[in-house]
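Each value in this text was obtained by applying a stated rule to the coordinates, not by laboratory testing. Bear in mind the structure is a predicted one, so any value in this text is a computation, not a measurement. Glycine gets a Cβ as well: all are built from the backbone with ideal geometry, and neighbour counts include every protein chain shown.
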Amino acid sequence: MLCMGKTYKSTRVNKVYASTEPVSMLVEEALAGGYTTQNSMQSILNLASNFQNEMDLVTLTRNGILKQAVTNMAAKFGITQEKICELLHMSARNFQRIKDNAPLDIYTSEQTIEMANVYSKAHKIFIDEEAVKQWFQTPNYALGNQKPLDLLDTSFGVKMVSDVLGRIEHGVFS
């Protein structure tokens, strides 16, 4: 018996392939895929609690995320602490002065969450962490031959990088 197979988001038309897996396993796999982005963002930001919607992200931003989240992001992107501080518009020395258990200010928290969201989106597309790091470090024609990582210092740059990732996800040349 043929049942629905995996669909691929790289094209606008869903392709159905023959599979020997039961339909219930495929549904569980699809649900896990949606959870992966949230789970990935939680692991990047080193969050203890789940967030269910954007209002939870607003609350998280207002309360401030911990310094460890920025350190984790630097490791995920494969960059130095100085580079991540440059992207967040703060001096490395001021960042070092922040206590590990002290929350960051609202603006730094928001930008860090936006960067984590873009990283999660890239990880969902490329899957391999090394491929994600390489993509962020490689100049991209769709971004004016700039490295995607270098554009993450503004909300407009984050949106541009996110848009390019969306086009890649849907199979549009970028």
At q = 0.10, 0.15, 0.19 Å⁻¹, what is the base-10 log of I(q)/I(0) for segment 36-168 according to the Debye formula with one equal point scatterer per Cα and no solvent? Please give it to two decimals.
-> -0.29, -0.68, -1.11
For segment 99-115, in order, what is each residue's ³J(HN,Hα) by Karplus, 6.51 cos²θ - 1.76 cosθ + 1.60 with θ = phi - 60°, in whole Hz (x at glycine and Pro)?
-> 5, 4, 9, 8, x, 7, 5, 4, 6, 5, 4, 4, 5, 5, 5, 4, 5
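Using 0.36 nm times the number of residues separating residue 58 and residue 163, minus their current alpha carbon distance, what extension gain do you get? Don't jump to the answer; show the numbers that get you there.
Numbers: separation 105, 0.36 × 105 = 37.80 nm, distance 2.18 nm.
Full extension of this stretch gives 35.6 nm more.
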Spin-label point model (7 Å from Cα, Cβ direction): what's the residue 107 to residue 131 distance in nm?
-> 3.7 nm
Return 160, 115, 55 ranked ascending by Cβ neighbour count within 10 Å, so the fewest neighbours appear first.
-> 55, 160, 115
Considering amide H positions built from the backbone, and no H for Pro or chain starts, which residues 5 or more places from residue 146, or on another chain, come under 5 Å of its amide H?
-> 140
